[in-house]
Each structure stands twice: as C-alpha cells, then as structure tokens.
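What follows is a short report on a single structure.
The values are calculated or read from the model by the stated rules, or taken from the named source; none is laboratory data. Note that this is a predicted model, so its numbers are computed, not measured. Every residue, glycine among them, receives a Cβ derived from its backbone with ideal geometry; neighbour counts consider all protein chains shown.
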Amino acid sequence: MRLRRQVWLIAAAMMFLAGARPPAPLRAQEPGLASRTASYRIDATLDAAARTITGTAVITWRNPGAMPAYSLRLHLYWNAWRNTDSTWLSQRKLGGITGSMLDRREEDFGWQQLTELALANPDGSPGLDLMPTFRYIQPDDQNAADRSLAAADLPMAVAPGQSVQLRVAWKAQVPRTFSRTGAIGNYFFIAHWFPKLGVFEADGWNARQFFANTEFYADFGSYDVQLRVPRGWVVGATGREVSRTDTNGDLTIHRYAQDDVHDFAWTTSPDYEEYTERFEHERLPAVTMRLLLQPEHRGQQDRHFAATAAALKYYGEWYGPYPYPQITIVDPAWQSGAGGMEYPTLFTAGSRWLAPRLSNQPESVTVHEAGHQFWYGMVANNEVTSAWMDEGFNTFSEERVQSVAFQPNYHVERFFGGFIPWQLRDIKRSRATDGNGLNGYRPSAERDVPATPSYRYWPGTHADITYSKTALWLHTLERHLGWDRLQPVMAAYFERFRFTHPVPDDFFAIVNEKSGQDLTWFFDQVHRSSNEFDYAAERLESVPVATRGFVESAPGAPLAFEAQENATLFRTTVVVRRLGEATFPVDVLVTFENGDQVRETWDGQARWQPFLYEKPAKAVSVQVDPDRVLLLDVHYTNNSITMKPQAERAADTWTLQWIVWLQDLMMNYAFFV
Amino acid sequence: MIAAFRDGLGRVRRATWLVVGLWLSTLLMAVPPALVLHGMIADHLGASLMADAAARGVNFDWWNEFLVQAAGVGQTFVPAIIGFAAVLDNASRIADQRALVPALAGIVGGQILLSVFLAGGVLDRLARDRRVGAHAFFSACGLWFFRFLRLGVVAGAIYWALFAWLHPWLFDTLYARWTHDTTVERTAFLVRLGLYAAFIAILCTVNLVFDYAKIRAVVEDRRSMIGALRASVRFVVRHPAKALALYLLNMLAYLLVVGVYALAAPGASAPLAAFAVGQVYIVLRVAVRLQFAASQTALFQGKLAHAGYVARPVPTWPDSPAAEAVAR
C-alpha cells in the first residue's frame, strides 16, 4: 500500500508541476495594469427554459503570497440560495426580512454543484482529480448547512510565485433573482456564478462564506469567457465581445474577454434595446458606453448616458482615468431586484417606468454604479471585511458628482403601490444631508463600530454604517480640510492602490501623509468607535453688566457694598455642550444685535464650554458649528439658539398644511358613511 | 338621471349652510390633533435657528430630524402632506390599505361617528329641499342617529370584510400571483390598476346601496334598517342604469374637483395660500359629497310611485320628507 501511495504521489507531483507551467496563453499576454493572479477561461451554456447553467473553466492561479499554498478555497456563491438555512438567508432573517424571499417556490431557489475539480494538463484537459478532498467549509459561522465556500487539498504545495492550472466543471440552477443575480421571465443576470478562488494573502487564504450584506473579494486576472445562449438574445458582459458564432443548434456563442479585472458578470435577454454612445474628454481616455435598455424605459437612454459620462468625467478628473475602452450599462427588468450593482466594466442601473426628470432616478444609481468601477473595480478592497471602503467612498463620490452635474434634484414621493411618482418641487435634496444619508444614519449611529469586519455588522443597519457613515465622515473631512486638499489625497490613494487590495490603514496613512496632518484622532472617532456626535448650544443670555456686592474702591480701602448697573454694556453668556461621546473641533459663532460676530474655535473635548462677552449690544444668536462641517452631528437643531425664535411661526405654517391633509383624510373615510 | 344630478346641484346650492357646517366640522375635528402637532413642532424647534428656514418653507434637514424622534401624530407629519401630494397620499392609503397611526385612528373614528350623527339631518334637509332651521336639523340628526348607527354596524361589517379579506386577496394574493413573473413595470401597473378598479367598483356598489338605504330610511321614515337596506337593494336593482350612471357622474364631479386642486394647490413656500386653497378644496369636496346625497335623494324621490297623486300636505316637521315629496 505504501509503495502504491508513493507512486501515486510521484505521479501527482509530476502532473502538478506540468500544470504549474504557464498556461497556454489565450491571447498574447501584454504587460497588465494589474498583477494577473487568478485568470479564468470559461465555457458556459445557459439553458434558458430549464434555467440551468453548465460550465467548465480552466483557472490559472499564481501564488502571490509569501508562503506556500497547500490547499485551495473556492467560492460557490449560488449555494447561498440553496435553502433557507444558508448563512446568507439566515442573516436576512436575522435582519428582519420575511416573506417572499423565504417562501419561495421550488424553482426559485438556486444552487451550484461542482462536478469536476482537477489539476489541468497544459492543454486544459483534466489531470489529477482533486474531488476526493473537496469539502464545504464554514470558517466564519460554523453553519454546517452553508455551502457557499469550499476547500480542496493540493497534492503539493504551490510555492510563492509559482502557478497552477485547475480545471473545474459545474452545473447550477439559476434562481429567481436573489441579490441582483438570477432570472425572471426572459431576463437573466448572471453574477458571481462560477466557482471562484479566494484571495491568498500573506497569512494564507482570505476566503469567507457568502453573507447577506457583504459582497466580494477576488484577485485580478484575465477573463476569456464563451457564453452559449439562445440565438437572437442580446448579451452584455464584462469586457468586450471578441466573437459571436451561431451553433448548429439554436444557440449563439458569445465570446467576451477582459484583462485586469477581478470578476466577470453577464446578462442576456431577448428584450433589451441596445444603444451606444461615446464618452470623450480632452484629458481622459475615450470610452464606449453601451446601454442595454428595457423597452419600457425608452426615452431614458440620455439620462443613463449622461449619468455614466458624468461619473467617468468627474471620477476621472478627481481620482484618475477609467482605463478600459468600454463600459456596459444594464437596465434591469422590473422585479429583478437588480436595481443597482457593480461588476467590472458592467453594472446595473435600475429605473422606473415613470421617472420624473430632475429627480435622482436613474441618475443616482447610474452614477453610483459607474463610480464603482473606480472604488471596487480598480481600488479593490476586501468588500467582505471593509465594505465601507468601496460603498462609502463611492457614495461620497457619487453625491459629489450629483451635486455638480445633476441639480436641482427634487424629492419624489411614490403612491399607489409605488407606481405613481409625485415630485415635490419644494424639497431640493441636498448632498450633505440627504445624499450622504444622514437620515438613515441618525438612528443607527451607535449600532456598529465601522472597524468591525463588515460581515459582522448588524444586518438591519449595515447600510447606514457602510454607506452613510462613511460618506458623512468623508464629507466632514472635505469640509474640515477643504476639497482642494482632500482631492489630492483621494487621487493619491487611487493612484497608489488601484489594481491592488488596500486595507483601511492604507487609506488612513495616505490621508495623514498627503494632508500634512495627523488625523488619527479623527479616524479613531469615526472608524474605530460607534460613538455619536452631538454638539448643542445650551444657553444664550445677554443682560446689562451689573455688579452687586462688596468691592474695594482703591487698594487697601475698606470693602464697601455697591450695586452697579451699566445699561449700555451687556454681558453675554454662552454655554455650549457636547452631548455625544465623540469629539470634533467645532466653531462657535455668536452674533450680536449690532451685527458684530465673534467666532470661537472650541476643541470640543470638554463636556461643556462657556464663552463670556461684554459688548455694547445684546447677543441675538449662537451657533455651534455654523458652517456645518461636522455632518455626523445627529441633532443639528440643538446646535443653535436665537433670541428671536421662529418656532411658533414655523409650527403655524406647517400645522396649517397638515390640517388640509388631515381634513382630506377624514373626508375620504367619511365618504363611506 | 341628468335631471336628478341637476336637481341635486340645486339642492346643494340651496343648502349653503349645510356645506359650511360640514366643512367647519372637518376643520374643528382637525384642530385638536393639529394643536398637538403644533406643540410637537414648536417644542422640537425650540429657540433653534433651524426654525427660521422651517418658517420660510421646507427645512428638510430639520424635518427628517424631527421625524426620527416623532411619536403619535408627529409620525404623520411627512413630506406627502404638501399640496396635492396630500390627496394622493390619502387616496393611496385607502387603495393600498396603509394603516393609520393609532393617534389618528381615534380622530378618523370620531369623524365617522360625527358623519353618522349628521347624516340623518343632512338627508332630511336635502330631501325636504327647504330651510329647516338648526333645531329641526339637529332633531333629525338625533332621530336618525341610532338607526344609522345600527345601519352602520352592518355597513361596517361589510366594509371590514372588504378591507380585511377582499383587499388582501386582490392585492396580496391575486396581484402577486399575476405579476410574479412580470418584468415590465407598466404591465404590472395595469394589472394593479385593474384590481383597483375592481375593488373600487365593489366599494362603490356597497356605498351606493347604503346611500339609498339611508335615503329610503329618511324619506320613508323607516325604522327598520334591515328593511331600508332591502328596500335600497330593490331600488338599485330596479333602476341599475340610472343609479349607477348618477353615481359615476357624481364621481366625475369629485375627480374634477381633485383635478382642479392638482393644478391649483400651492406648495410649501406659500403656506397661507396653501391653507386657503386647501380649504376651498375641502369645501368643494364637502359639496360633492352632499351632491352625491342630494342627487341620489332626488332620483329616489322622482321614482316614488304616488308622487303627484295626492294633495300637497302642509310641510310641518317632523313629518316624513316623503310627505313633502309627494306634494310636489
């Protein structure tokens, strides 16, 4: 037995080393933008009627780490929707989601089964079978029912810098869309759909199960993908189409390729209308924008293109150029749940049938997802542990674009099942508060410490921390430093870390380095703590300067009782207070009746701080943080006091409006009497 | 039917104080919760400078901050109260069966009870089509209140069944089933529109029957509300086209009022104008509601078999309005 085992190992080693030679190149390998660590050559067939995908892939993986790899980690993301006991669906339940997602029909669930895992021979044919050691693992929550992550042992370690070729085959049931992926009717959006390697880092594999509120993490590489779909159906995918061939049957093979990306997604439907426009800019590379539009949104194509072009322009100018020659915008089908999601060089940007102009749909989601080509696509942080680095940076950036490119942006309310929009021209959405999501953040401020791995955030409020808190603190930083100082910081971060996997400390270090300030105190507050910011003006009073009591009229003179009052000089007392646990330096602005203003700078550390003035005029108001630098302050209403309060007038105004609403409501119900 | 509609218009026009009274009743019912909301807003703004912007128009930042901490009536102070959005919000609330906050359920319940109380007097006044004086009006209200309360129990049970059973079946079960695989929003909207139409048609049919039940009860001085209801069904069955056409015509009048308000409703930047125009809209809504009652009463009275065959009686209250009707 021992001899046979040794023979087997020798044979395996020989095959392994053969496989470790550089794979037969799909195309001439040019120097890349990224280190091509994990490259995939995939051949997949969609059976649209049965809603299945069968595929094979040859994966070329180079160990980028400093230690040998003895095993593999493979993500099988679609098993997150295999049953309701998966970690993904369990987390959804934890977050309070009930109903349609859990009560699905049999055909609406999805799964993914590996049918082959082997070392690949140089020609791509199967070599040593790795299936005997294939197993599902649950390193994050020990949920035995979860099959979103698997491992397999390698017969020999892959040394640092050495490469290995793997061959995988799988079949999958396309679910009704979960998490933007799946099918509904003739609409298929296929993402995180192939067995995908984890990321091998200095201390080993970084691969986690699929969680409901976090996304992905993968190495850059080259993708060469053949997709067999029903003939006549439109296909959109990561990269560019390099060939299209009809088979003898009723399928067409679409071949897409793209270098220097870390994922590949695609979509197909017979219903798409296709439009193309070109983005051109004097200092940025030209980009072909391809839009796959739902027919019912015909007429909105200019809005999608304008928003995508705005993202390419402003992100390009502020951070760095978009380097790929094309970008594909997918307008997802209604009810697909694919409203907005990013993949390399392709993204979904959902719209509505009735989408009033000068409101933020589809512009907001389009800018956001196009913007992810920068924060996620190129600066590819780990979205499972530091989702805020892409989602938060991108929300901040998207809202900045919106504020310069798409104004005014009016609030829209929707009625009658959400189908009928009504634009409220009285309400202009502001970038600082509405866009950054202060309203969502306010009640969730203390729910999680952002430094916590994102997959451990409370599912019900993760977005408020990931998206909103980050956007709010970045905007706070912008106001604190000034855009002219923050923009170079962001550009340097982008330049230094594009096509890599930065971690939070990389960003913090570059901010400190480029801003010339040690802002660790700030990151301690906003990133390493869940403390709330809340500054308040507690007291404002102005009274004539008066002294009453015993005074010495001259040095050495006996004490004499005096009661003096100076009617032309007023003593103003201001008390400001820190109600929250978090601290930030704030200005305090005191305004006097004669128009004088005094601006104090308070370090914001103490629980309260008095300011005293003696002036020939009474104070009329005090404002803490008058320029609203600290956008994380959850209660800005308490930041000011005025001697001429308008609360009653405001209450009159709004109560009158509300009365009409209530009368109409009562009339509706009374109609049935 | 046109004649009944025109007759109804005339009766409402001649019952100006009824319009004014009912409008005032909605206003007065709204005042107590409005005062509560007023207090909440004023307390939250306090001496803050944020009030300046809130007094001039929308201060959305403050508004959102207010809503996060608001309870009770304060939770209803949402952007949808502005201008015509209020009408859409309220109509959508019924169509989509969105729950009322408990704090307002009491107010709406009170308004419904008040409407039940006033219904007898209103119908009596419209049926007689002459001034009756406050004493007679409220006496009629009192006379019919408990009868209509009994009728209201039946009506309430039917409406409850419609909203508790039919609505979820239509919009949660049927709509979900029919649109499960729909990928075109417009198609789904058309399905929903069809279901709205079906639900509203059923709702209006029930409403129509109860309208005539009340009319027959008052005009014929009926004591049995079950009898009135059966009589109403008989009337609607015998005159389906006219009853339905008249109802639709009145509904068109309502939609006209709503349409005009959609065009005329000022925004939040002109609060006094918004209130004034809003009150004109409410007055017109009251008038249209009375037009429903008046024109339906006219239609019914015009169908009384013995009308015109007896001598005109002396119109003395509390004789049945039927006695006056047969005299014409």
Practice item. Considering every residue within region A:335-346, establish whether at least one is of a type outside the set (S, T, N, Q), out of contact with any Gly (no Cβ under 7 Å at 6 or more places or on another chain), touching a residue at least 24 places away in the same chain (Cβ under 8 Å) and in a loop (DSSP other than H, G, I, E, B). Key: yes
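Pull up region A:278-296, narrow it to residues that are among the acidic types (Asp, Glu) and without any contact (Cβ under 8 Å) to a residue 24 or more places away in the chain, then point me to the one that is farthest from the other protein chains (Cβ to nearest Cβ).
The residue in question is A:282.
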Review point. Only one residue in A:667, A:643 is at pLDDT below 95 and within 10 Å of chain B (Cβ to nearest Cβ). Which one?
Key: A:667
Check your understanding: Out of (1) more than 10 Å from chain A (Cβ to nearest Cβ); (2) surrounded by fewer than 21 Cβ atoms within 10 Å (Cβ to Cβ); (3) touching a residue at least 60 places away in the same chain (Cβ under 8 Å), what's the single condition that is false for residue B:102?
Key -> (3)
Check your understanding: Could you say which residue among B:84, B:77, B:66 is in contact with a Gly (Cβ under 8 Å, 6 or more places away or on another chain), buried (at least 19 other Cβ atoms within 10 Å of the Cβ) and touching a residue at least 24 places away in the same chain (Cβ under 8 Å)?
Key -> B:66
Check your understanding: Do any strands (runs of 3 or more DSSP E) entirely within region A:214-271 hold 1 or more residues that are out of contact with any Leu (no Cβ under 9 Å at 6 or more places or on another chain) and of a type in the set (Asp, Glu), and if so, which?
Key -> A:240-246
**Study point:** Unmet requirement for residue A:531, which otherwise passes all of (1) touching a residue at least 60 places away in the same chain (Cβ under 8 Å); (2) surrounded by fewer than 17 Cβ atoms within 10 Å (Cβ to Cβ)
**Key:** (2)
Revision key, fill the gap. Residues in region B:91-131 that are assigned to a helix (DSSP H, G or I) and not hydrophobic (A, V, I, L, M, F, W, C) total 13
Exercise for review: Check whether at least one residue in region B:16-31 is among the small types (Gly, Ala, Ser), without any contact (Cβ under 8 Å) to a residue 24 or more places away in the chain and at the interface with chain A (Cβ under 9 Å from one of its Cβ atoms), and report yes or no.
Suggested key: no
Check your understanding: Would you call residue B:134 at negative phi, modelled with pLDDT under 90, part of a helix (DSSP H, G or I) and more than 7 Å from chain A (Cβ to nearest Cβ)?
Key -> yes
Review point. Just for region A:634-655: of the residues that are out of contact with any Ser or Thr (no Cβ under 9 Å at 6 or more places or on another chain) and under 24 Å from residue A:533 (Cβ atoms), which one is surrounded by the most Cβ atoms within 10 Å (Cβ to Cβ)?
Key: A:634
Point to revise | Test: residue in region B:283-301 that is within 20 Å of the chain's Cα centre (by Cα), away from chain A (no Cβ under 14 Å) and among the β-branched types (Val, Ile, Thr) | key: yes
Review point. Say we look at region A:404-420 and pick out the residues that are out of contact with any helix residue (DSSP H, G or I) (no Cβ under 9 Å at 6 or more places or on another chain) and touching a residue at least 24 places away in the same chain (Cβ under 8 Å); which of these is surrounded by the most Cβ atoms within 10 Å (Cβ to Cβ)?
Key: A:412
Exercise for review: Tally the residues that are touching a helix residue (DSSP H, G or I) at 6+ places or on another chain (Cβ under 8 Å), aliphatic (A, V, I, L, M), more than 14 Å from chain A (Cβ to nearest Cβ) and in contact (Cβ under 8 Å) with a residue 60 or more places away in the chain, restricting the search to region B:226-267.
Suggested key: 5
Point to revise | Of residues in region A:413-458 being hydrophobic (A, V, I, L, M, F, W, C) and touching a Phe, Trp or Tyr at 6+ places or on another chain (Cβ under 7 Å), the one farthest from residue A:354 (Cα to Cα) | key: A:427
Revision key, fill the gap. Exception for residue A:174 within (1) at pLDDT 95 or above; (2) within 26 Å of residue A:36 (Cα to Cα) falls at (2)
**Study point:** Residue that is surrounded by the most Cβ atoms within 10 Å (Cβ to Cβ), among those in region A:421-460 that are free of Cβ contacts under 8 Å to residues at least 40 places away in the same chain and within 18 Å of residue A:534 (Cβ to Cβ)
**Key:** A:444
Review point. Would you call residue B:47 at the interface with another protein chain (Cβ under 7 Å from one of its Cβ atoms), buried (at least 20 other Cβ atoms within 10 Å of the Cβ) and of a type in the set (Gly, Ala, Ser)?
Key: no
Exercise for review: Name every residue in region A:525-543 that is out of contact with any helix residue (DSSP H, G or I) (no Cβ under 9 Å at 6 or more places or on another chain) and over 27 Å from residue A:575 (Cβ atoms), in order of residue number.
Suggested key: A:528
Review point. What do you reckon, is residue A:614 within 14 Å of chain B (Cβ to nearest Cβ) and surrounded by fewer than 19 Cβ atoms within 10 Å (Cβ to Cβ)?
Key: no
Check your understanding: Which of the residues that make up region B:57-90 are at the interface with chain A (Cβ under 7 Å from one of its Cβ atoms), in a helix (DSSP H, G or I) and not charged (D, E, K, R)?
Key -> B:60, B:62, B:64, B:68, B:79, B:80, B:81, B:85, B:86, B:87, B:88, B:90
Check your understanding: Across region A:100-132, what is the total count of residues that are part of a helix (DSSP H, G or I), surrounded by fewer than 18 Cβ atoms within 10 Å (Cβ to Cβ) and under 26 Å from the mean Cα position of the chain (by Cα)?
Key -> 1
Review point. Applying the selection to region B:164-178, what residues are modelled with pLDDT of 95 or more and within 10 Å of chain A (Cβ to nearest Cβ)?
Key: B:171, B:175
Check your understanding: Out of (1) more than 27 Å from residue A:359 (Cβ to Cβ); (2) more than 14 Å from chain B (Cβ to nearest Cβ); (3) in contact (Cβ under 8 Å) with a residue 24 or more places away in the chain, what's the single condition that is false for residue A:465?
Key -> (1)
